[in-house]
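The values are calculated or read from the model by the stated rules, or taken from the named source; none is laboratory data. Quantities reported herein were computed from a predicted structural model and do not represent experimental measurements. Here Cβ is always computed from backbone atoms with ideal geometry, including for glycine, and neighbour counts include all displayed protein chains. Accessible surface areas use protein heavy atoms only, side chains included; no ligands, DNA or RNA. Shrake-Rupley method; radii C 1.70, N 1.55, O 1.52, S 1.80 Å.
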Amino acid sequence: MQKQTLQTYPCEYTFKIFGNVSAQEQLSQQVLTAVTEVVEIADDGINHRNSSAGKYFCISVNALLKSEDQRRRVYTLLQQLEGVRYIL
């Protein structure tokens, strides 16, 4: 039995990944690699911002998802990345 989801597919979905600023460049590349392994993202679908204290950063990746399976696969890959502090 499949779990129900509130998402309706296809849809645009935003993955938000938080990490330490000290690992920003490396983690940013790893996040992009993980997401593009499952779905394509537009050139303007990536945003970076640092926290007000400058200790953490957030990468927001907008992707067009075609299924719940794609969403779950991306989250699984993101959870395996070293340096990820939090994922939304």
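Where does the chain land at 222 nm, in deg cm²/dmol rounded to the nearest 500, when only DSSP H runs of n ≥ 4 count, each adding -39500 (n - 2.57), divided by all residues?
Numbers: 2 runs with 27 residues, N = 88.
Taking each H run of at least 4 residues, the total per residue is -10000 deg cm²/dmol.
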- [ ] Using a 1.4 Å probe and ignoring any ligands, DNA or RNA, find the accessible area of VAL35 and quote it in Å² to the nearest 10.
- [x] 0
Task: Total charge dipole magnitude, the chain, about the Cα centre, Cβ charges on Lys, Arg, Asp, Glu only, Debye to nearest 20 - done: 380
Task: Rounded tilt (10° steps) of 24-38 against the dominant C-alpha axis of the chain - done: 10
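Express the carbon and sulfur contribution to the solvent-accessible surface of the chain as a percent, rounded to the nearest whole number, probe 1.4 angstrom. Show your work: numbers first, answer last.
On the way: 2820 of 6120 Å².
Exposed carbon and sulfur together represent 46 percent of the surface.
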Open item on the list: Taking just the alpha-carbon atoms of segment 4-72, what radius of gyration and Dmax come out, in angstrom?
Closed with: 13.1, 38
Open item on the list: Within 15 Å, Cβ to Cβ, of LEU81, how many net charges do the neighbouring residues add up to if Lys/Arg are +1 and Asp/Glu are -1?
Closed with: 0
Open item on the list: Quick check: pseudo-label points 7 Å beyond the Cα along Cα→Cβ at THR76 and TYR9, how many nm apart are they?
Closed with: 1.3
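Assuming 0.36 nm per residue, please report the length gained on full extension of the stretch GLU25 to LEU88 beyond their Cα-Cα distance.
Working: separation 63, 0.36 × 63 = 22.68 nm, distance 1.96 nm.
Answer, rounded to one decimal: 20.7 nm.
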TODO: Would you mind working out the accessible area per residue for the chain, using a 1.4 Å probe, and quoting it in Å²?
DONE: 70
- [ ] Along Cα→Cβ, 7 Å out, is where each label goes; now give me the distance between the ones at LYS16 and ASP69 in nm to one decimal.
- [x] 2.9
TODO: Roll a 1.4 Å probe over the protein heavy atoms and report the accessible area of THR36 in Å², nearest 10.
DONE: 70
- [ ] List the relative contact order of the chain as a percent without decimals, with contacts defined as Cα pairs under 8 Å and 6+ residues apart.
- [x] 45
